[in-house]
Each structure stands twice: as C-alpha cells, then as structure tokens.
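K.L.:
Provided herewith is a single structure, encoded as structure tokens, for subsequent inquiry.
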Amino acid sequence: MDHEPFGYAFGAGKGADAVIAKLSRTIQATFAAQRELWNQFVLIEAAYTAVYRKTINDGSEESVLAGRRVERLSSEIESLKSDRSLSTLVKRSRVRDWRMVLKGAKEQAREIRRLARIALKPDLDVIELERRGKVKDAVRESGLWWCHSDVMLERYNVARVRAMKTGVALRPARENDVFGMLRVRWQNGLAWDALMGGGDTRAALKITGPGRSKGSVQAELTLCIESDGRDKDYLTMPIALRLPPDDCVVRNISLFQRRTGDQVRWKGAICVQQPTVQKPVSNEALPERTLESSWLTDGWLYETRIRRVRALGRYLDHVATTWADTAVDLGSVLARLEAIRESRKRKGVQFSDVRVFATIIPSACKVLEDNVKWYREMHGLRARAIRERDARYWTLARELLGRHSKLIVEKPLLVFASLGLEKPAWGRFCEILTRASRNFSCDVEIVAVKREEAEVA
C-alpha cells in the first residue's frame with residue numbers, strides 16, 4: 001500500500017517574473033475563466049441550498065420549529081452579552097447556562113434534520129442530480145482545459161462540504177482577489193525519472209545547480225499552461241525546491257499566487273506519492289513536555305513580532321502626523337475608518353485604508369509612497385517568521401517519525417500558558433506532524449489530556 005500524496009513546495013527563482021510577464025495575457029485569461037467558473041458554482045450552490053431547505057421545511061415541520069428555537073436562543077445570548085445592567089459575574093453565569101441550553105437545542109435539531117433527510121431521500125436525490133448536472137454544464141461551458149477546470153471543481157467540492165458543516169454560504173470571487181491556479185495532473189501518475197528526463201509533454205524538470213539551503217536545488221521547470229488538444233503553451237521558469245525521493249510518483253504540479261502585504265509572489269508545489277517502506281522501530285509514547293524543550297524555548301518568534309509592531313507603529317505615526325497637518329475634518333476621517341472596520345470585521349488601521357483615505361486627503365498618497373517600505377517590512381518579517389517556524393517543525397517531525405513506528409503526542413489544555421506557547425503554534429505543529437506521517441511508516445495519535453490531568457501535571 002502506497003503513502004498518501006504529499007506536496008513538496010517550491011518558490012519562484014530570480015527571473016521568474018519576467019518569464020511570467022511574457023505569458024501574462026494567457027495566464028490572466030485562465031484565471032479570469034476560473035474566477036467566472038467559481039462564481040457559477042456559487043450561484044448553483046445557492047440555488048441548490050434554497051431548494052434543499054425548502055424541501056426539508058415543507059416535508060418536516062419539526063425541523064422548522066427546531067431551527068427557530070436555535071435562532072431564538074442565539075439571539076437571547078447575544079442580547080444578554082450586550083446587557084450593561086448586569087454585572088460581569090452574573091452575565092458570565094447566565095451566558096454559560098444559556099449556552100448549555102443552546103447546545104442541547106442544536107443536537108436535537110441535528111437529529112430531527114437527519115431523520116427528515118432519511119424520510120425525504122428520494123426528493124433530495126433528484127435535487128442532487130440536478131445540481132451535479134448544472135455543475136457539469138458549467139465546467140463544459142467555461143472552455144477551460146480539463147486540468148484547470150478540475151482545480152476549481154476540487155476547490156468547490158471541498159468548500160461546499162465545509163460550508164454545509166459550518167452553516168455559511170460560499171462567497172463569490174472578486175476582481176482584485178488573488179485567485180486561480182495553474183496545474184497539470186496525471187491520472188495514473190508520472191514516474192520521477194520521466195519528469196527529470198523530459199519524457200512527458202505536460203511538464204519537465206531540469207536541475208541547474210545547488211540551492212541556498214541544505215538539501216535544496218536550483219531547477220528549471222517547464223509547465224504546460226494551456227492546451228487545446230494539439231497546440232500547447234509552455235511556461236519555463238527558475239525555481240528552488242527540495243527534491244523528493246527518486247522512487248516517488250508525481251501526481252500533479254501546481255503553480256499559484258500568494259499575497260504578502262501589497263506584493264504578490266508566485267509559489268508552487270509538486271504532489272508526489274511514495275511506496276511504503278516498513279521500518280523496524282519500537283513503539284514509544286512521547287508527551288508534550290518532552291517536545292517543548294526541543295524547539296519552543298527560545299524567543300525568536302517573539303522578537304520578530306516585536307519588530308513588526310514597531311514597524312507598524314512608525315508607519316501609523318507618519319500617517320497620523322500627515323492627517324493632523326491637513327484641513328480635513330478628523331471626525332469625518334475617523335467615521336470613515338470606523339465604517340471600514342465594521343464592513344471588514346477586523347480591528348486596527350491597515351495599509352489598504354490609506355488607499356481609501358487618499359480620496360479624502362490628497363497628501364495620504366505621499367504617505368503611502370514614503371512608508372510602503374515599513375509596510376512591506378512588517379509583512380515580510382511575518383512571512384519569514386512563519387517559514388522559519390514551519391521549517392523547524394518539519395525538521396523535528398521528520399526526526400521523530402523516522403525513529404518510531406507509533407507516536408502518541410499528549411495535548412494538554414491548560415499547559416499552554418505555563419510554557420509560553422500559543423495554541424495556534426502548537427496546533428500548527430500537530431498539523432505538520434500528521435501531514436509528515438504520510439511519508440513514514442509511523443502512526444500518529446494526538447491525545448487531548450483532560451482538564452484534571454493537565455492541572456495535576
């Protein structure tokens with residue numbers, strides 16, 4: 001039995017932007033078609049959801065009543081939170097009690113909906129067949145190469161499942177969104193030697209020299225970005241990557257964009273699958289306190305965060321000084337800022353807000369130009385810190401997985417504060433450990449320690 005597919009990320013090397021610029025029209029046309037296809041998927045899903053809910057509501061009155069009860073309890077909790085006539089302790093106690101009632105109501109509603117789905121299965125199957133037919137028609141009418149349409153179809157299937165679980169609706173793509181992906185895929189896989197030897201018409205990889213870090217190389221990737229069956233358009237760009245094992249099978253190669261601050265950079269990944277190799281290693285349980293001393297006791301990430309805060313502070317000081325020297329009513333500017341915060345559901349002044357204020361304060365354009373370096377420094381440091389953190393996590397994960405056949409990692413609930421470790425950081429390591437285990441003959445089990453056990457520890 002083979003391992004699950006595993007991605008090896010790579011970044012664009014020097015000169016890649018110039019190469020991509022020559023084919024910018026073809027690439028942007030593909031991204032625009034993918035964006036339009038995604039928006040069609042959003043409309044199809046919205047129509048399907050409306051018909052699905054109407055069928056459930058018409059066929060099960062109990063489901064309607066259960067949903068209304070959940071909404072009523074949720075509104076009661078929100079109104080209780082905003083009630084200023086109660087003390088903090090009383091408010092917390094009542095909110096906790098109401099949340100227990102809400103939890104029971106949600107469980108009851110889920111059970112009622114499950115029984116309704118079973119009773120209305122023939123009607124729901126007809127609706128599902130109609131949705132799939134509309135999706136196929138949208139893919140056919142998009143005119144995209146099947147490799148590029150499969151990307152959007154895969155994204156849509158994953159997103160709709162997540163949306164159904166969380167109870168949210170799919171969001172359409174906007175014109176300024178970094179959206180789209182170039183991908184070539186092999187249904188039966190491609191041997192790594194064939195990719196390196198240039199024996200395939202969709203992609204080829206040629207090593208040009210050693211990389212900057214240990215185990216990495218500089219290479220030249222040739223990727224098919226468009227095909228109509230006979231003619232093909234190719235993109236040849238320099239990349240830097242860590243080579244996968246020679247016995248692996250390539251499943252797909254992707255090329256996409258990622259935004260860092262106000263800059264857009266090209267990234268990619270080679271998804272491979274490797275045969276399983278059994279290693280004679282012993283079982284061993286590894287508690288969290290054994291792990292934390294290995295890589296989380298230094299303050300490198302904290303120092304980086306401080307530098308980011310200082311950079312943002314210098315930037316905001318200059319913005320505030322410029323605003324103060326203008327004849328513009330500061331109250332109107334602050335009102336506009338508050339409206340932006342509410343619309344975007346976030347806090348704090350962002351770099352993009354200065355672009356908005358440039359229509360109100362002409363001098364804000366000069367502030368934007370003078371302080372863009374501090375903005376980019378802030379986001380560049382954040383991206384660098386994340387890369388360095390993930391590199392440490394991957395190194396530790398490979399070291400642990402290579403020595404054990406079974407790894408049990410304890411995840412206490414109350415130990416984070418004592419260790420000075422943020423929950424997202426620990427969660428990221430658990431994610432990397434689970435992903436890395438796909439290429440090792442090692443079973444990983446994340447065990448959440450109960451509150452009482454964590455307090456004793």
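Every read-out reported here was derived from the displayed coordinates using simple, explicitly stated rules and does not represent laboratory data. The shown structure was predicted, so the numbers you read here are calculated from the model rather than taken from an experiment. Note that each Cβ is placed from the backbone with ideal geometry, even for glycine, and that neighbours are counted across all protein chains shown.
K.L.:
Starting from the Kirkwood radius over alpha-carbon pairs of region 51-94, derive D by Stokes-Einstein at 10 °C in a medium of 1.306 mPa s and give it in µm² s⁻¹. Show your work: numbers first, answer last.
P.N.:
On the way: Rh = 12.5 Å.
Stokes-Einstein gives a translational diffusion coefficient of 128 µm²/s.
K.L.:
So how much slack lies between R174 and E154, counting 0.36 nm per residue of separation and subtracting their Cα-Cα distance, in nm? Intermediate values should be presented prior to the final figure.
P.N.:
On the way: separation 20, 0.36 × 20 = 7.20 nm, distance 1.94 nm.
So the extension gain works out to 5.3 nm.
K.L.:
Another question, if that's okay. Of K214/K406; K54/K106; K136/K267, which sit over 24 Å apart, Cα to Cα? Kindly include the intermediate steps, with their values, before the conclusion.
P.N.:
Values: K214/K406 28 Å; K54/K106 19 Å; K136/K267 29 Å.
Long pairs (Cα-Cα over 24 Å): K214/K406; K136/K267.
K.L.:
Take the alpha carbon gyration tensor of region 217-278, find the square roots of its eigenvalues, order them as a ≥ b ≥ c, and report rounded if a/c is under 1.5; if not, report prolate when a/b exceeds b/c, else oblate. Walk me through the numbers on the way to the answer.
P.N.:
Values: a/c = 2.10, a/b = 1.24, b/c = 1.70.
Note, shape of region 217-278 comes out oblate.
K.L.:
Would you mind checking region 51-93 for residues with the amide N under 17 Å from a putative spin-label position 7 Å along Cα→C-beta of Q108?
P.N.:
61-77
K.L.:
Still on this structure: Which log10 I(q)/I(0) values does region 61-119 give at q = 0.15, 0.18 Å⁻¹ under the Debye formula, counting every alpha carbon as one identical point scatterer?
P.N.:
The Cα Debye sum returns log10 ratios of -0.50, -0.64.
K.L.:
Using the Kirkwood radius built from alpha carbon pairs, what does the Stokes-Einstein equation give as D for region 137-218 at 25 °C and 0.890 mPa s, in µm² per second?
P.N.:
Approximately 150 µm²/s, per Stokes-Einstein.
K.L.:
Based on the Cβ-Cβ distance of I207 and S87, what FRET efficiency does E = 1/(1 + (r/R0)^6) give at R0 = 56 Å, to the nearest 0.05?
P.N.:
Numbers: r = 68 Å, r/R0 = 1.22.
In this case the efficiency is close to 0.25.
K.L.:
What are the GluC sites (Glu not before Pro) within region 39-134 that DSSP puts in a loop, where the Cβ has at most 16 other Cβ atoms within 10 Å?
P.N.:
Working: sites: E45, E61, E62, E71, E76, E78, E107, E111, E128, E130; in loops: none.
Passing both the DSSP loop test and the Cβ count: no residue.
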